[in-house]
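*Asks:* Encoded as structure tokens, here's the structure I'll be asking about.
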Amino acid sequence: MTSNDPSEPAPTEPHESPARAEEIARYEPYLRMLARMQMRASYKAKLGASDIVQQTMMQAVAAIDQYRGTTEAEWRAWLRKILVRQMCHLDRDLHRDKRDIRREQSMEQRVAQSSMRLEGLLAGDVGTPSQHAMVGESLVSLADAIESLPEAQRDAIAMHYLEGLKLSEVAERMDKTTGSVAGLLHRGMKQLRQNFHE
């Protein structure tokens, strides 16, 4: 009987075409941005977001035969689920905890909300109607543009626009004044629009 858990190895060798693996790899910036936002500070120093995403993509390739979705949104949700499982596995390994289903579900919800906010950013602040035809491709491009920003601008935009934190909460987390954070957001969004439309 085939397991429906994409975080567990597929029972047989993956026989999907290289094109499918390339499609998974194309979502690397999107997954990396989401991973960076959810990583606990306690293991950021031990393992980077890129490492977690590499493991996620390898697992997705191995489990591709288990994917049953048909839409772009279902595809992104499937990849996010594998990402969350990988992060929770790492969390358990580092802290020697038992599996916490509620924590996994909570993280899945937060990651999904961040993805929805990214779509909102695409629709309202950065994108144009003509770019909405290929939402998935545009989201990957937008995530890549965010990831390419200077670290402080990237983190401020991620916290404010994608995590939904208030300006004062972002300032507290970054140990900066609200005025400084407002400046980071202004410069970051200006650069983001420029990068995204290049």
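The values are calculated or read from the model by the stated rules, or taken from the named source; none is laboratory data. Please read these numbers as outputs of a predicted model, since none were measured by experiment. Ligands, DNA and RNA are stripped out before the accessible areas are found, and what is left, the full protein with its side chains, is counted by its heavy atoms. Shrake-Rupley method; radii C 1.70, N 1.55, O 1.52, S 1.80 Å.
*Asks:* Which of the residues spanning segment 15-31 are of a type outside the set (G, A, S) and modelled with pLDDT of 90 or more?
*Replies:* I24, R26, Y27, E28, P29, Y30, L31, listed by residue number.
*Asks:* Would you please name the residue that is most open to solvent (accessible area, probe 1.4 Å), looking only at residues in segment 154-198 that are under 17 Å from L122 (Cα atoms) and assigned to a loop (DSSP other than H, G, I, E, B)?
*Replies:* Among them, the one singled out is E198.
*Asks:* Have a look at A112, A60, A41 and point out the one that is closer than 30 Å to R193 by Cα, at pLDDT 80 or above and not basic (K, R).
*Replies:* A112
*Asks:* Then there's this: State the number of residues belonging to segment 63-77 that are open to solvent by less than 30 Å² (accessible area, probe 1.4 Å) and in a helix (DSSP H, G or I).
*Replies:* 4
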